[in-house]
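A quick write-up on the structure given underneath.
The values are calculated or read from the model by the stated rules, or taken from the named source; none is laboratory data. The model shown is predicted, which means the values in this text are computed figures rather than measured ones. Using ideal geometry, Cβ is built from the backbone for each residue, glycine included, and neighbour counts are taken over all protein chains shown. All accessible areas refer to the heavy atoms of the entire protein, side chains included, with ligands and DNA or RNA removed. Shrake-Rupley method; radii C 1.70, N 1.55, O 1.52, S 1.80 Å.
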Amino acid sequence: MKKIFITLLAAAAIFITACDQNKPANNVTVQSNNAPPGFDVNKLAALVKTSTDPQTLEKGINDPKNQINNLDLDKDGNVDYVKVVEPEKNHLDVIDDVSKTDSVTVARIKVDPSADNTTADLSVRGNPDYVGYNNYYHSSFGIGDLLLLSYLMRPHAYYMPMYHYGYYPSYYSRVHTVSTFRTTTSSAMSSRSFRGSVSNPSHSSRSFSTRSNSSPVRSGGFGSSSSSRSSGFGSSSGRSFGRSRGGFGRRR
């Protein structure tokens with residue numbers, strides 16, 4: 001009887017082990033595009049239209065009243081400070097410093113003046129991992145309707161703020177993320193088919209690749225790019241930036 005009992009126990013152990021082996025592995029990749037969007041491209045485009053320079057744009061993006069940014073990529077419960085940099089002529093990037101060493105490109109802005117300088121095309125392309133389904137804005141404006149164009153067309157050093165993770169301008173105050181944050185849309189908005197996760201991004205999503213803050217920074221020229229670059233969205237590492245502008249900041 002004892003031998004039969006031992007045999008039954010052994011058979012039960014083998015059966016349980018076999019069942020466990022047939023279970024699917026519990027390895028779950030969290031898709032970032034399943035999370036609620038935390039950045040409003042449509043409102044960013046509206047702010048670009050009324051901003052006179054990148055510094056004004058940067059301040060407006062980080063103003064909670066404008067409800068453009070609700071990102072919390074460092075997971076501290078507070079809305080991240082995002083900065084605006086000018087990598088080349090007629091281009092601006094919106095950057096979120098996730099840590100002291102890494103940052104991500106949230107959105108890219110491109111302004112194309114017409115040959116006769118009477119109109120300009122404004123394109124804003126958001127990183128789909130953070131802005132949601134409607135991630136592309138495109139519209140045309142008269143020269144007088146796009147205030148930023150005056151700044152872009154005159155000779156200037158490319159704008160790069162002095163601020164970084166842990167060091168912010170004096171006007172910035174930390175606020176908690178809003179659970180009811182929702183992005184807006186308009187007739188100028190459209191979607192792109194590419195989507196990807198943080199851990200395994202698609203090719204197009206990867207073009208918004210994480211930038212190392214330890215990468216060397218080169219100086220930019222006055223109103224022209226220091227090196228030729230396509231209008232696509234490649235890696236932001238090692239781009240040409242000019243001298244910084246802006247007021248004194250504070251550490252947090």
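Couplings 3J(HN,Hα) for segment 44-51, derived from phi with the Karplus relation 6.51 cos²θ - 1.76 cosθ + 1.60 (θ = phi - 60°), are 4, 4, 5, 6, 4, 4, 9, 7 Hz, where x marks Gly and Pro. The H on the amide N of TYR167, modeled in the peptide plane, is under 5 Å from the matching H of ARG252, each at least 5 residues off or on a different chain.
Under 18 Å of direct C-alpha separation, and excluding same-chain neighbours fewer than eight residues apart, LYS49 reaches these aspartates and glutamates: ASP40, GLU58, ASP63, GLU86, ASP93, ASP112, ASP121, ASP145. Dimensions of segment 128-186 based on its C-alpha atoms, expressed as ranges along the principal axes with the largest first, amount to 39, 33, 20 Å. The protection proxy used here, the mean number of other Cβ atoms lying within 10 Å of each residue, ranks peptides 95-102, 54-61 as follows, highest first: 54-61, 95-102. Across the protein chains, with a 1.4 Å probe defining accessible surface, the residues THR105, THR180, THR52 rank THR180, THR52, THR105 from largest area downward.
Net charge in the neighbourhood of ASN70 (other residues with Cβ under 10 Å of its Cβ; Lys, Arg +1, Asp, Glu -1) is -2.
Remark: segment 38-193 projects, on average over all directions, an area of 9.5 nm² (convex hull of Cα atoms).
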